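Since every read-out is calculated from the coordinates, none of them should be taken as a lab result. Small disclaimer: the values here were computed from a predicted structure and weren't measured. Ideal geometry is used to build each Cβ from the backbone, glycine not excepted, and the neighbour counts take in all protein chains shown.
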Amino acid sequence: MFETEKLPGTRVSASTLERLIPTYEGFKMTDEIAYSDVENPNIESIEKRAKSSFAGTQIHNLVYFTRLYDRCKLLNRPPNYMDLRDTFPTSQLDDSKAYEILYSQNEDPVQAWRQWILNCDMPKENGLSTILDPEVIMGIWQSGINNPDTDKVLENLPKPNLELWEMNEVLTILNLELNRNFQFPSSVDTILISKDSHNKPITIIDYKTGREASEISFTSKLQAMLMSISIYYNFIDEIPKASWGLSEWDVAYPTKAPNLPHFKKRASLGPKRINCSIGIDAVCLDIEKIAKKVEFLYINPITGEEKKVEYLPIAMEGLDYLDELNEFYIAHKSELGKPKISDFLTPKFKPMKILDHDAYLESNRDKGTQVALF
């Protein structure tokens, strides 16, 4: 028997998909790949996009900080380390340890969130330059502690519900077996799973603070479909085994520390790996079931606006399109790789600034700072 040759595949994130689709559409019309002009950048436009991007990231985290605080308040206690592991199951352990300190030092979740902003720093990526100066980037980022929309976000938060299993920033990997493998890593803002999961769908929430919620493009529907496929296959067998913490009686009359809903096998010793591989034929057979079982919502946390992303109508066309896109990306991968010049980088949380500030300073003393191209 001859072995089937393994063909190379691709790894395409949601952000890469946003960049790749317009390039592919342009290529189909001109037979050429268009490149952005890095020699004459519009600094004012880049700063404006950085402000909008950073505000969106920070508002996401304001929602996470406050919702976890409110849920634990129903359990008559502040958030602890295991609450953080259960709510952010794919995060690093040091992140959870540092977040626990932020909660313990700040009774108000908004103050904890502001400290989170101030304990972020420029990511160190070798060989990568930014068009915006790193000091400008950090200035824009840290100004977010005074975001005027903070009160609006807090007003629009839904009431906490311990009948919902809630997870945030869940990293998943979907290996979709097309003609060649298509790997889709994603970070899902929020997953909500009802205790009554037989009758209620899994809800994916993607927080949007711009116009995306009112203008749902083909690309957005494609992203929603891929995330929904990934969550369906990764969670469908986990839900029946989930632990739902304690009953209402146990919460009212506790004899032991109550827990939030969580995986049967908790992510206490390391980030939980949430990945799956599935063939295109199986997806085609299951896609209607997936669309019923997994709903995808855009929610604007500032206005409270909510819109469902209907991905089923484009599903079959979208899967065919992904196959084409995959072949295009493989054929032109050397030209379409991650650019070495970025407009800006989003600052990242540095837990060691909280856990061991002296060690953090020492580790960064000999490292070069991010270079601005202009």
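For the stretch 302-354 and the stretch 31-93, write down the distance between their C-alpha centroids in whole Å.
A separation of 15 Å, based on Cα centres.
Determine the calculated [θ] at 222 nm for the chain from helices alone, applying -39500 (n - 2.57) to every DSSP H run no shorter than 4 residues and normalising by the residue count; nearest 500 deg cm²/dmol.
Numbers: 14 runs with 165 residues, N = 374.
Result for the chain, helices only: -13500 deg cm²/dmol.
Sorted by average packing, counted as other Cβ atoms within 10 angstrom per residue and highest first, what order do 319-331, 170-182, 351-363 take?
By packing density, highest mean first, the sequence is 170-182, 319-331, 351-363.
Out of all DSSP beta bridges with both ends in the chain, state the antiparallel percent to the nearest 5. It would help to have the intermediate numbers written out before the result.
Values: 22 of 38 bridges.
Among the beta bridges of the chain, antiparallel pairing accounts for roughly 60 percent.
Among Pro160, Ile205, Cys120, whose Cα sits farthest toward the positive end of the charge dipole of the chain (+1 at Cβ of Lys/Arg, -1 at Cβ of Asp/Glu, about the Cα centre)?
With unit charges placed on the Cβ atoms, the residue in question is Pro160.
I need the trypsin sites (Lys or Arg not before Pro) found in the stretch 56-129, filtered to DSSP loop residues with at most 15 other beta carbons within 10 Å of theirs.
Lys124
Mind listing the long-range amide H neighbours of Ile131? Cut-off is under 5 Å, sequence gap 5 or more, other chains count too, H placed in the peptide plane at 1.01 Å from N.
Ser342, Asp343, Phe344, Leu373
Out of Ile239, Leu345, Ala224, whose Cα points farthest toward the positive end of the dipole of the chain (charges: +1 Lys, Arg; -1 Asp, Glu; placed on Cβ)?
Checked the options; the winner is Ile239.
Report the relative contact order of the chain, percent, no decimals, based on alpha-carbon pairs under 8 angstrom and at least 6 residues apart.
Values: 547 pairs, mean separation 104.8, N = 374.
In percent, rounded to a whole number, it is 28.
What lysines sit close enough to Lys293 to cross-link, taking a C-alpha to C-alpha distance under 28 Å and skipping anything fewer than 8 places away on the same chain?
Lys159, Lys195, Lys200, Lys208, Lys221, Lys241, Lys264, Lys265, Lys272, Lys307, Lys308
Among [x] 22.5; [y] 31.9; [z] 23.6, which is the computed Kirkwood radius over Cα pairs in Å?
Among [x] 22.5; [y] 31.9; [z] 23.6, the one derived from this structure is [x].
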